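Read the structure below first, then the notes.
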């Protein structure tokens, strides 16, 4: 039996949630789950239809992108996952999709502005869009550099992956993460819905104002602050 049965099952379940939630078409997406103690993660194999997947198909990769276990080629985005796991030690799972509305925002090269309390319930800032990748990075190790495109954007904007569990990659698509891969899937679905709401809002009113600061903080803190009171204890 594999030593990585748990993360393979977690990664499989997360990947299966993506088409179920309408976040991927065909094989446009991937999810991975990490085992920090072993220094590896399980990720979807490249180009395999979701209905043909099973937990045993998940590929085990280390943070330097070496295949540890598995006979299939891992996702083409594996190097991006590896970079994020290696540099952001708090995250336990990553999801990448090309969901319609979030990807449309990524194609505009714009942040998603914080317009309402649905957005503020999850993060108290705009959803960042990492700038367009430089020609040098594109011509280098592209998927590896995508990881640094994200990390550099967070450093430049003074953001942390704990407080902002999602990003748009300019002209590409979204990545999300969380303490677990299940939480990363949740953030992917939330991001798609926020992107859809923001698109509708800016269409109805192009000069729509941002959510006032007091409401931003109130809604974020009631779910994530030290005195949070949303949900059950």
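Some notes on this structure:
- Condition met for residue 7 (within 15 Å of the chain's Cα centre (by Cα) and either closer than 16 Å to residue 182 by Cβ or in contact (Cβ under 8 Å) with a residue 24 or more places away in the chain (or both)): no
- Filter result (under 18 Å from residue 213 (Cα atoms) and touching a strand residue (DSSP E or B) at 6+ places or on another chain (Cβ under 6 Å)) within segment 127-161: 127, 128
- Matching residues, segment 3-51, being surrounded by fewer than 15 Cβ atoms within 10 Å (Cβ to Cβ), at pLDDT 95 or above and either assigned to a helix (DSSP H, G or I) or touching a strand residue (DSSP E or B) at 6+ places or on another chain (Cβ under 7 Å) (or both): 5, 6, 20, 39
The values are calculated or read from the model by the stated rules, or taken from the named source; none is laboratory data. Predicted model, so just to flag it, every value in this text is computed and none were measured. Using ideal geometry, Cβ is built from the backbone for each residue, glycine included, and neighbour counts are taken over all protein chains shown.
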